[in-house]
Structures are given as C-alpha cells and as structure tokens.
Amino acid sequence: MITVIANLKGGSGKSTVTFNLGLWLQMKGQPVVAYDLDPQQTLSDVAEVRREEGYTPPLQVNQPRETLMDDMQYHPQNTQVLVDVGASNMDAMRQALTVANRIIIPVPPSQPDVWATQRFLEIVNELSLATNPEMRVFVNRADTHRAVRESDETEEVLRQLPGVGLVEQRLYQRTVYRRSLSEGMSIFEISKRSKAVEEFNNFAAILYPNL
C-alpha cells in the first residue's frame, strides 16, 4: 500500500502525521518505508533525531534512487509505503500522486487551507491517475476549545467535497505533537495515555481497519 500524505499549503502537519503513522504501523508489526519529498526535509530530520537518540524501532526514510515509481520495485509487496510531499516540489508531488494507492490530505481549520485543498484536488483530477487512488481528507490541528467554530465549519466543507472520503476522527492541536518532532519520539512513546494518543489510534484504525 502506497499512501501519500500531501497538501498544497505548508503548515498542514504532513510530516507530523507521517512520522507518527509510520511508527504506529511498526507497532502493529508492519514493515514500513517512508519517503521525504519535501525540500524542508522535516521528516528526514526527525527520523535522524530518532536514530541519534537510539530510539527503536527507527523509521526508515528514503530519497528515490531514480524515480519514485522505479523505487517501488525494491520493496516487498506487504510493505507500507508512506510518502510526505508538499507543493514546494510540484514535480515530486505529481510523481508521488502517480504511484499512490491512497492520498491523505490533512487540512487545518481555516478558509485558506480549504481553498488550498480544493486546488489540490483539481491538480489530482487533472492528472487522470491510472491507479485511481482512494482519497481521504481530515481536519488536522483542530481547535480544542468548544466555542471555536472553525473546525466544525472546515469539516462540513470537507464532507461535501466530491470524490473524497472524510475521516471522521479529527487530530487536535496538542503540545505532544510538537514534542514528537523535536524529540524524535512518537506520541505513544511520550505519553501512553492521553487524548492525543486516543485520537491518533482512532484515526489510524480508520485508515488501516484490518490491523
């Protein structure tokens, strides 16, 4: 399964989701390979921090040796491949979308992020992808205060996007995610019992219901 985590707008939390999803899959006994195609290289940096600190298991993060499509032949069929890519490298994004079995789009609760998501979907549709990937969208970095309505409003717009499935579990703006990137640890290693862990477990279980 090749899962691409992508969005046009920076700051959507792609690398945080990819890093924690990769470690969650390994906790479930799945072989995982990640690709960091974002020039910011956040995923590569946090994986390096994890390696330097000696945390196990490490998260293997690659750069394509040739093209991403060529690299896929080197991985066993049961490998879970995660690809982190953003709009700052459009060639890499198009390459990733071409091989994707599934595209996951994190959307922070703001109107500009909704607009960026709609434009991203236009790009996907223009590519006429032969893999016909499953499209999933979700609210990331959601507001934790009940009085703030942006997360509800964003989710309602996402629910109406044609050809896209809404992941009903939001991921909220939690301090543990910032710690995760700076310390090279998954949120599960930092805090075994927390709202963030419960939310992420629910989120990942929706994406991988058979694990």
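None of the figures in this text is laboratory data; all of them are computed from the coordinates on show. Note that this is a predicted model, so its numbers are computed, not measured. Cβ atoms come from the backbone with ideal geometry, glycine included; neighbour counts cover every protein chain shown.
Amide H contacts of residue 142: 171, 172, 173, each under 5 Å away and 5 or more positions distant or on a separate chain (H built 1.01 Å from N in the peptide plane; Pro and chain starts excluded).
Relative to the Cα centre, the charge distribution of the range 54-105, modelled as +1 at Lys and Arg Cβ and -1 at Asp and Glu Cβ, gives a dipole magnitude of about 140 debye. Less than 24 Å apart at the alpha-carbon level, and either on another chain or at least 8 residues along: which lysines does that give for residue 195? The qualifying lysines are 14, 28. Count Lys and Arg as plus one, Asp and Glu as minus one, and take only other residues whose Cβ is under 14 Å from that of residue 93; the net charge is then -2.
What number, rounded to the nearest 500 deg cm²/dmol, is the helix-based mean residue ellipticity at 222 nm of the chain, given -39500 (n - 2.57) per DSSP H run of at least four residues and division by all its residues? Let's see the in-between values first.
Details: 9 runs with 93 residues, N = 211.
Only helices count here, giving -13000 deg cm²/dmol.
Taking amide H as placed 1.01 Å from N in the peptide plane, residue 134 has its amide H under 5 Å from the amide H of 102, 103, each at least 5 places away in sequence or on another chain.
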